[in-house]
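**Q** Take this structure, written in structure tokens, and hold onto it; I'll ask about it next.
All of the numbers you see were taken from the coordinates with simple rules; none came from a lab. Predicted model, so just to flag it, every value in this text is computed and none were measured. Quick reminder, even Gly has a Cβ in these numbers, built from the backbone with ideal geometry, and neighbours come from all protein chains shown.
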Amino acid sequence: MPASAREDRRPLLIRIDRLAAGAFSFLALLLGVYWVHQVFRGDEYARQAENNRQRSVPISASRGFILDRHGKLLAENEPSFTLLLYRRETQDVDASLRFVSSLLGRGLDDLRHRVERSRTSYDFIPVVLDDDLTVAEVGAVEAHALEHPELVVQTTERRVYTQGPVTAHLLGHLGEASPDQLAARAGRVRAGEAIGQNGVEAAYQDLLAGTSGLRTFVIDSFGREVAELDRVDPLPGNTIVLNIDLDLQRLADDYFRDKVGTAVALDPKTGEVLAFVSAPAFDPNVFSRRVSRTEWEAIVGNEDRPLQNRAIQNVYSPGSIWKAFVAYAALTNGIDASETVHCPGFVNFYGRRFRCHGVHGTVDLPTALQVSCDAYFYTMGKRLGIDVLASTARLFGFSRSTGVDLGPEKTGTVPSPEWSKAVRKHAWYPGETISVAIGQGPLLVSALQAARAYAGIANADGALPVPHLFRIGEQVRSGARVAYRPPVTERIPYPAGVRETIVEGLWRVVNRPGGTAYRYRVEGLDICGKTGTVQVVGQKEAKKAHLLPEKLRDHAWFAAFAPKDDAKIVVVVFVENGLHGGSAAAPLATRLIEAYLRPGSVPPPPPPAAPLPEATPPGGSNTAERSAPRLSPRRGT
């Protein structure tokens, strides 16, 4: 047969080869998919299949108790009830939420928001829809258990602050973890879980929280738990002991019942915080349950801002308590304590008259402290200059954090020419130095900073301790105890005779006739202190301060320590719009000192009213454990 007559089968063979290659590729793809699903992801699918008949319920650890230095209870827990939603057990999440909203009267938008925040979690992890359910609400949910197996009532715990507002700013409160907090504590905190938001609760969250456990159940086709497969018990949180003396704390809180301000008491040698009050306060138990709109508006709408921690988050002009540090600047910069200044009731500098609150005649440094002579300190401030005053302030710890274990502090302001150019964009005026010399002008400090600085005067070695609340942490299970005392790394250098001169002047304030706090002396205690009055309005208006509206009246300070030769306590009291340090702040400071140095000598205020216990339903098959909070009564703010 001629070659031209032969059939060309090459195109057919090519098509057959391509078809075979495609068939083999498809078979390889099937084998690959089979391997991925049966081998590579086989364990995962097996777990998912197992989860279709299992339910895992988290068990939060009991939060650790908080005690005062004498073992008195400040924070504990009590039973409560939380409503959980298991998303994998409902065909229509939104329908479940509408049911809960109608049954319990909760806002549908809020319930949807709670679920939305948990979208990134596995669907077998329950969503916390509500907490602090009443007995009637628990019964209503349980009555619909067969219709809505996705809803589970869980027995939990909620936080109880036994002293209510008395320890509010000290302990802080719990609140549901925010998205940022969840991200920062990934793996340690679940969505919907309550954690410390401020105060000791936030500072020692990890120590107090413990380690969560887990219960795993077998469930039937109706979503009912029929058997418990496994249980990992939680590890309770640590009990911690604070340095706080509850008797002093209650004494200070009672004094501020109708006032606005703050009081801080420290052990000057160790920095232990003995009392820490900010007024007005709030009841932290309110945040241990659902906060109603009315309650929230009452708190945030209060013009005195009860959520503000005035001891560390508010800064004020220090007034005449500042004069002790100006005295140090003078004595360490060539000015002798015996040098005198004549006070006719005013001094003139830079073409302006600066008034003194009295006519004191000729005074030396100790006497100027005793009678709080502005004219003397005006004169010394002019001679020293703002740079010396600013460096002295920084030496005593002003314009920076004290290091207290309570979270963020405002550091205040120590003015200087550099500060003026950087912040105010203009040069420093010499006349401003005169005001700073008596604790006025742009100088701003916190009460805790003032207490620490006065500890630097009270201590013979000039030690500036780090204020701290934490005393001992005790692990509930092991019984291990861990004490804490931050080391002293800063000391005020005192040339010979400098500290003694300052302390003598401060002792005269309280113990010599003519001293601005003489009427509040306590025989035998050798209290040293300094009153301070801070103008809120100008001098002309301040002459009739008692006629001004309350919010325009002068602020009142008193800083003190005792005993003179071996100080065991430092107290700083600040009363907003209190008019005079000697009459508004000194009474509390001397009372706190006497109560601490002479236990039992000062009658304690009545204890806060105890909250009424609430009935709790018996645990059923659909219960597990978890932590949460509670409400106790308080006075209005």
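**Q** Among T516, T379, which comes first, second and so on when ranked by fewest other beta-carbon atoms within 10 Å?
**A** So the ranking, lowest neighbour count to highest, is T379, T516.
**Q** Sticking with this one: Take the alpha carbon atoms of region 106-185, find their radius of gyration, then divide it by 2.2 N^0.38 Å using N residues; give the quotient.
**A** So the Cα radius of gyration is 1.36 times the expected 2.2 N^0.38 Å.
**Q** If you don't mind, another one. Given K323/K425; K269/K421; K259/K530, which pairs have Cα atoms separated by over 30 Å? Spell out each step's value before the answer.
**A** Details: K323/K425 28 Å; K269/K421 38 Å; K259/K530 21 Å.
Table pairs above 30 Å Cα-Cα are K269/K421.
**Q** I would also like to ask the following. Give me, ordered by chain and number, the residues 5 or more places off T239 or on other chains with an amide H under 5 Å from its own placed amide H.
**A** When sequence neighbours closer than 5 places are left aside, the close amide H contacts are F65, E474, V476.
**Q** Starting at the first residue of region 581-589, write each ³J(HN,Hα) from the Karplus equation 6.51 cos²θ - 1.76 cosθ + 1.60 with θ = phi - 60°, in whole Hz, x for Gly and Pro.
**A** x, x, 9, 9, 9, 4, x, 5, 4
**Q** Most exposed first by the Cβ proxy, i.e. fewest other Cβ within 10 Å, how do H357, H144 rank? Present the calculation step by step, with values, prior to reporting the outcome.
**A** On the way: H357 17, H144 13.
If I rank by nearby Cβ atoms, fewest first, I get H144, H357.
**Q** Follow-up. Can you compute 3J(HN,Hα) from phi for each residue in region 17-27, using the Karplus curve 6.51 cos²θ - 1.76 cosθ + 1.60 with θ = phi - 60°, rounded to whole Hz and x for Gly and Pro?
**A** 3J(HN,Hα) across region 17-27, in whole Hz: 4, 5, 4, 5, 4, x, 5, 5, 5, 4, 5.
**Q** Another question about this same structure. Which of the three applies to region 358-447, rounded, prolate or oblate, going by the alpha-carbon gyration tensor with a ≥ b ≥ c and a/c under 1.5 meaning rounded? Write out the running numbers ahead of the final one.
**A** Working: a/c = 2.61, a/b = 1.41, b/c = 1.85.
In terms of gyration-tensor shape, oblate.
**Q** In addition: Using a cut-off of 11 Å between beta-carbons, work out the net charge of the residues near I386 (Lys and Arg +1, Asp and Glu -1, I386 not included).
**A** Details: positive: K382; negative: D387, E418, E432.
Net of charged neighbours comes to -2.
**Q** Ok, one more. Under the Karplus relation 6.51 cos²θ - 1.76 cosθ + 1.60, θ = phi - 60°, what is the ordered set of whole-Hz ³J(HN,Hα) values for region 383-391, x standing for Gly and Pro?
**A** 5, 6, x, 5, 5, 5, 4, 5, 5
**Q** Now for a different question. Less than 12 Å Cβ to Cβ from P513, Lys/Arg counted +1 and Asp/Glu -1: what total charge do the surrounding residues give?
**A** On the way: positive: R508, R512, R519, R521; negative: none.
Cβ neighbours under 12 Å give a net charge of +4.
**Q** At 0.36 nm per residue, minus the direct Cα-Cα distance, what do A143 and A20 gain on full extension? Give it in nm, one decimal, please.
**A** Numbers: separation 123, 0.36 × 123 = 44.28 nm, distance 6.43 nm.
My answer for the length gained is 37.8 nm.
**Q** Contour minus end-to-end for A28 and L214, with contour as 0.36 nm per residue of separation and end-to-end as the Cα-Cα distance?
**A** Details: separation 186, 0.36 × 186 = 66.96 nm, distance 4.29 nm.
Length gained between A28 and L214: 62.7 nm.
**Q** Amide H to amide H under 5 Å from G261: which residues, 5+ apart in sequence or cross-chain, H placed 1.01 Å off N in plane?
**A** A279, E576
**Q** Here is a follow-up. Quick one: grab the alpha carbon gyration tensor of region 54-242, order the square roots of its eigenvalues as a ≥ b ≥ c, and give me rounded if a/c is under 1.5, else prolate or oblate depending on whether a/b is larger than b/c.
**A** Here region 54-242 falls in the prolate category.
**Q** How would S102, S583 line up from fewest to most surrounding beta-carbon atoms within 10 angstrom?
**A** Details: S102 10, S583 18.
Ordered from fewest to most neighbouring Cβ atoms within 10 Å, S102, S583 come out as S102, S583.
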